[in-house]
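Read the structure below first, then the notes.
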Protein chains: 2
Amino acid sequence: MMPVRRRICVVGGLSAGPSAAAKAARVDPSAEVILFEQDDAISYGICELPYYIGGEVQKDDLVVLTPEQMQREKNVTVRTRTRIQNISPSRKTIEVHDLSKGETREERYDRLIIATGSSVRPLGLAGEDARNVFHVKSLDDGLQIARFIEVEHPTRAVIIGGGYVGVEMAEALRRRRMEVTLLHKGMVPLDHVAPETSDAVARRLGDHGVTFLPQTQIVAFRVDSRAAVAEVLTPDRTLPVDLVILATGVRPNTQLAAAARVRLGANGGITTDSRLQTSVDNIFAAGDCCEVRNLVSNRMMYAPLATNAARMGWVAGENAAGGRSTFQGALRSIALRVFELEVVHLGLTAAEARVAGLAPEVVTIKSTSRVPMMPGGKALCVTLVADRSTRRLLGVDVSGEEGAVLRGNLLAPALHHRLTIDDVRRWDLAYAPSFSPLWDPILVAANAMARKLEQR
Amino acid sequence: MMPVRRRICVVGGLSAGPSAAAKAARVDPSAEVILFEQDDAISYGICELPYYIGGEVQKDDLVVLTPEQMQREKNVTVRTRTRIQNISPSRKTIEVHDLSKGETREERYDRLIIATGSSVRPLGLAGEDARNVFHVKSLDDGLQIARFIEVEHPTRAVIIGGGYVGVEMAEALRRRRMEVTLLHKGMVPLDHVAPETSDAVARRLGDHGVTFLPQTQIVAFRVDSRAAVAEVLTPDRTLPVDLVILATGVRPNTQLAAAARVRLGANGGITTDSRLQTSVDNIFAAGDCCEVRNLVSNRMMYAPLATNAARMGWVAGENAAGGRSTFQGALRSIALRVFELEVVHLGLTAAEARVAGLAPEVVTIKSTSRVPMMPGGKALCVTLVADRSTRRLLGVDVSGEEGAVLRGNLLAPALHHRLTIDDVRRWDLAYAPSFSPLWDPILVAANAMARKLEQR
């Protein structure tokens, strides 16, 4: 008698899905692992799309694993152009719609992993589906933008949304020699980072000829006779345009989950336990469709990041295959290159700390990436947020042209393990003149915070 | 009545001394703080000497604080060309010898900080004081070497000792277009680092034309009629030479302390408590003249590093001025640039872990500094050492041409706070394509270690 093979179905092929499928197949090599994806491509570098559009990355490099490689190297069956339309948890079946053949049939699962990702939040304005309006949310989006630029030679671009995708696209389109206007609802670009970081990014964008319009909402698109947006209208301006990028943030794709009565959280994403099981038996979830716990505030948040997706995919895949692994949450760690500037944020901003009921103290210091006498060093700006009563580190931002991101990451352990500013001050970091001042900027900032806390 | 001013005397002006003096004056602004130094210069970039000799750093930049600046900006009286010849702990006096005037007199102290540093271990061979044989241990050494190169145009250099000073000097002299031979007692350069790091350094030296002679002891110097070493003799070679650098490691300067019955440790350095008080009342010690606790093995070690000196100086200065600060020990964190290669080590090597009674497991992985598709990324090699039974991280080495040192530092918190490999695996590090692969090499290495520990 053949042993019954466990059938693990994974819905969504971008990041968390492939990660989960590959891990499940590794943990239980006897399982039948199937990855469903409605598009053609799976497992590609979504974070690299702006670099592809800007001409730094080659098209052929974008795909990390083809469906064939996934099958051959990871022992996962991949079914692209296949949409899952419904889940029946009681019968443990899914309704599988083959987009190529137009057929729908029911298939069983033993374990299901929902990794349906996120979509761009629409503006709800006429014209946002015009032929020169693009998202940056799929490989196909990236290819379309690149093709549009090559064929139509747009010279004026408007980007709507000053989050990190908007900022990265501003740089990409400047590299393609366009006039770029970046519209943002807030005063400064980027959310969830220290004001010092936002200011540095705004300055850097300006230095490179990007027109940043703060507190600007779009009122309407004027579509021309060629079904393209010709003008973007704001309350006080009319911006002639050849290319529009919508980077207004994303929301979790939860329709499939919600219809199966999988519980959603206050932030709109699927909620899970630390094993990434949803409220419904045998259904796991991972990636952008989920909420995650902020490990600093201990509150749920929506943080759709590739790192979280990959990590959650591993855990969901392992557990769906019978393993025992946990995902406790994330720090909302964000890194970004803006022209030559590196910026990084981990943990809470002072504003977020206040909302979480903490008593944040903030300190910002300027330092350098090398001993000042060494040639090639760059300025670095470090902002720390700590809790006044417990002296616990709550957040960090670093910006600069050398070693900023890796220095921000240096404080990830402090945030994970709830270390105090006094713990950080004692760290024995390796030093050589080419790599840091004798006192690393992170230590300088920690010392400055300790002094500030003592003065109170 | 005038309040009695506390008189804090600091012996030694290079690194720990100025750090201690400045801190003491800040903590107790009413104190009389005096820094004694037998040479002319204080507070200069000793770590930067090879870069000065190699032509990367300017002479005028080497001095961090002049005696005048120390006085004006830090409220410390500096007495250069002054040697402390004796300490009388019972009378709380020191015998102060003014080298300019040739006078000796007794002065009182309330608190004394010994920061007498270290000296190069002599070979005990005739000719090692010849006019073309140099140490790299003081500003004067650096100036003399640079002057010798400019005046005498040496073309063949022999460096004795393949520690980090020897390796840095090999690069510096190659930059000055000399033929460089590096003699080392061991098989590979550098002590206290992983074999993978030593190998990478050896290869890099070879790639840049440095002749590395392993397991080579020097037998004799042949001195010519101009009082210069003309040949270096090893058991099987005669090396014609114009310039000799002695980089055979250093030993603590403890004569002054020992004569005052300050307790020394098994490694030859002064031992202190965590407040950096010596065994003798009112006498503190800091820097290269001291032993420090290795925070990973919990054993005493001799680790003469600028970072330890600066940190210990702060603590000794604060406590001598009546404050309460502690120095628990160090990780032996070492960073080095070898031509374009960055190398870093923190914690214990596998060999050191075994000596400390631990059960080390080692894992080495290759990764990249950026997402492979991003241009400009470099190869990275990470070696981790962890304890098999507790899964605690014990040491890390990273080498590569981009982001190696800062990545090694990422694990300093793990070593300080005795985290396990499982703790490290969960870290939510910020990611962007320009700064790391989606899984940072440190996480890749931690995952590889976890797998290896499970297989046992």
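The values are calculated or read from the model by the stated rules, or taken from the named source; none is laboratory data. All of these numbers come straight from a predicted model, not from anything done at the bench. Quick reminder, even Gly has a Cβ in these numbers, built from the backbone with ideal geometry, and neighbours come from all protein chains shown. For the accessible areas, the whole protein counts, side chains as well, though only heavy atoms, and no ligand, DNA or RNA atoms are used. Shrake-Rupley method; radii C 1.70, N 1.55, O 1.52, S 1.80 Å.
State the Cα centre-to-centre distance between segment A:347-372 and segment B:307-361 in whole Å. Centre-to-centre distance over Cα atoms comes out at 27 Å.
Which of the pairs A:LYS23/A:LYS137; A:LYS366/B:LYS23; A:LYS185/A:LYS378; A:LYS378/B:LYS378; A:LYS366/B:LYS366; A:LYS366/B:LYS137 have their Cα atoms more than 27 Å apart in this structure? Checking Cα-Cα distances, A:LYS185/A:LYS378; A:LYS366/B:LYS366; A:LYS366/B:LYS137 exceed 27 Å. Solvent-accessible area of B:LYS101, all protein chains in place: 140 Å² (probe radius 1.4 Å, heavy atoms, ligands and nucleic acids excluded).
Ranked from shortest, the separations from the 7 Å Cα-to-Cβ label point of B:ARG105 to its equivalents in the other copies are 10.5 nm.
The alpha carbon convex hull volume per residue for chain B rounds to 171 Å³. Rounded to the nearest 10 square angstrom, B:THR77 shows an accessible area of 50 square angstrom against a 1.4 Å probe. Placing A:TRP439, A:TRP427 in order of accessible area, with the largest value first and a 1.4 Å probe, yields A:TRP439, A:TRP427. Take every DSSP beta bridge whose two residues both sit in segment A:1-138; close to 50 percent of them are antiparallel.
Distance from the alpha carbon centroid of segment B:137-185 to that of segment A:1-55 works out to 56 angstrom.
Computing FRET efficiency as 1/(1 + (r/R0)^6) for A:ASP39 and A:ARG108, where r is the C-beta to C-beta distance and R0 is 25 Å, gives about 0.55. Per-atom-type breakdown for the protein assembly as shown gives carbon and sulfur 47% of the accessible area (1.4 Å probe, protein chains only). Put simply, the amide H of A:ALA230, placed in the peptide plane, has neighbours under 5 Å in A:ARG222, A:VAL223, A:ASP224, leaving out anything fewer than 5 places away on its chain.
Couplings 3J(HN,Hα) of segment A:68-83, computed from phi: 5, 5, 4, 5, 6, 8, 10, 6, 10, 7, 10, 10, 7, 6, 9, 10 Hz, in residue order, whole Hz [Karplus 6.51 cos²θ - 1.76 cosθ + 1.60, θ = phi - 60°; x for Gly and Pro]. Principal semi-axes of the equivalent ellipsoid, √(5λ) from the alpha carbon gyration tensor of segment B:292-411, are 30, 20, 11 Å from largest down. Interface burial in segment A:386-416, defined as at least 40 Å² less accessible area with all protein chains than with the chain alone at a 1.4 Å probe, covers A:LEU406, A:ASN409, A:LEU410, A:PRO413, A:HIS416.
One quarter of the convex hull surface built on the alpha carbon atoms of segment B:31-106 amounts to 6.6 nm², the projected area averaged over directions.
For A:SER100, what is the net charge nearby, where nearby means another residue's Cβ is under 15 Å from its Cβ and Lys, Arg count +1, Asp, Glu -1? Provide the component values of the computation, followed by the final result.
Values: positive: A:ARG79, A:ARG81, A:ARG83, A:LYS101, A:ARG105; negative: A:GLU37, A:ASP39, A:ASP40, A:ASP98, A:GLU103.
That works out to 0.
Average 1/r across all pairs of distinct alpha carbons in segment A:329-397, invert it, and you get the Kirkwood radius: 13.5 Å. Accessible area per residue (1.4 Å probe, heavy atoms of protein chains only) ranks B:THR104, A:THR326 as B:THR104, A:THR326, with the largest value leading. Using the Cβ-Cβ distance between B:GLN328 and B:ARG121 with R0 set to 25 Å, the FRET efficiency from 1/(1 + (r/R0)^6) comes to roughly 0.35. Taking Lys and Arg as +1 and Asp and Glu as -1, the other residues whose beta-carbon sits under 13 Å from that of B:LEU419 total +2.
All distinct Cα pairs of segment B:138-198 go into the 1/r average, and the inverse of that average, the Kirkwood radius, is 12.5 Å. As a size descriptor, the averaged projected area of the C-alpha convex hull of segment A:1-157 was calculated at 12.1 nm².
Rolling a 1.4 Å probe across all protein chains gives A:ARG425 an accessible area of roughly 70 Å². Here is how the number arises for chain A: DSSP H runs of 4 or more residues each give -39500 (n - 2.57), the sum is divided by the residue count, and the result at 222 nm is -7500 deg cm²/dmol.
What FRET efficiency, computed as 1/(1 + (r/R0)^6) with R0 = 41 Å and r the Cβ-Cβ distance, is obtained for A:ASP129 and A:GLN71, rounded to the nearest 0.05? E(calc), rounded to 0.05, equals 0.75.
Distances from A:GLU231 to itself in the other copies, using label points 7 Å out along the Cα-Cβ axis, amount to 9.1 nm in increasing order. Share of Cα-Cα pairs in segment B:1-57 beyond 16 Å, in percent? Considering segment B:1-57, 54 percent of its Cα-Cα pairs are separated by more than 16 Å. The alpha carbon radius of gyration of segment B:346-456, expressed as a multiple of 2.2 N^0.38 Å, is 1.03. Entry note, segment A:359-456: relative contact order of 32 percent, from Cα contacts under 8 Å with a spacing of 6+ residues. Farthest toward the positive end of the dipole of chain A, out of A:LEU183, A:HIS153, A:PHE435, is the Cα of A:PHE435, where the dipole comes from beta carbon charges about the Cα centre.
Summing charges over neighbours of B:ALA316, with a neighbour being any other residue whose Cβ is under 12 Å away from its Cβ, gives +2 when K and R count +1 and D and E count -1.
Taking the DSSP beta bridges with both ends in chain B, the antiparallel portion is around 65 percent.
Using a probe of 1.4 angstrom and keeping all protein chains present, the accessible surface of the protein assembly as shown works out to 40 square angstrom per residue. For segment B:114-159, the average shadow cast by the Cα convex hull is 4.1 nm², which is a quarter of the hull's surface. As a ratio to 2.2 N^0.38 Å, the alpha-carbon radius of gyration for segment A:171-280 is 1.46.
Evaluating 6.51 cos²θ - 1.76 cosθ + 1.60 at θ = phi - 60° for every residue in segment A:351-363, the Karplus couplings come out as 5, 5, 5, 4, 4, 7, x, 9, 10, x, 10, 10, 9 Hz, glycine and proline recorded as x. Remark: segment A:318-330, residue by residue, has Karplus-estimated 3J(HN,Hα) of 4, 6, 4, 8, x, x, 10, 9, 10, 10, 7, x, 9 Hz, where x stands for each Gly or Pro and the curve is 6.51 cos²θ - 1.76 cosθ + 1.60 at θ = phi - 60°. Taking the inverse of the mean reciprocal distance over all distinct Cα pairs, the Kirkwood hydrodynamic radius of the protein assembly as shown comes to 30.3 Å. Chain B and chain A together bury an accessible surface of about 5200 square angstrom, both sides counted, with a 1.4 Å probe and no ligands or nucleic acids included.
In segment B:317-359, the ratio of gyration radius to Kirkwood radius, Rg to Rh, stands at 1.22 when only Cα atoms are counted. Against the compact-protein benchmark of 2.2 N^0.38 Å, the Cα-based radius of gyration of segment B:214-352 scales to 1.37. Ranking of B:ASP281, B:ASP440, B:ASP199, A:ASP110 by solvent-accessible surface, largest first: B:ASP281, B:ASP199, A:ASP110, B:ASP440 (1.4 Å probe, protein heavy atoms only, all chains present).
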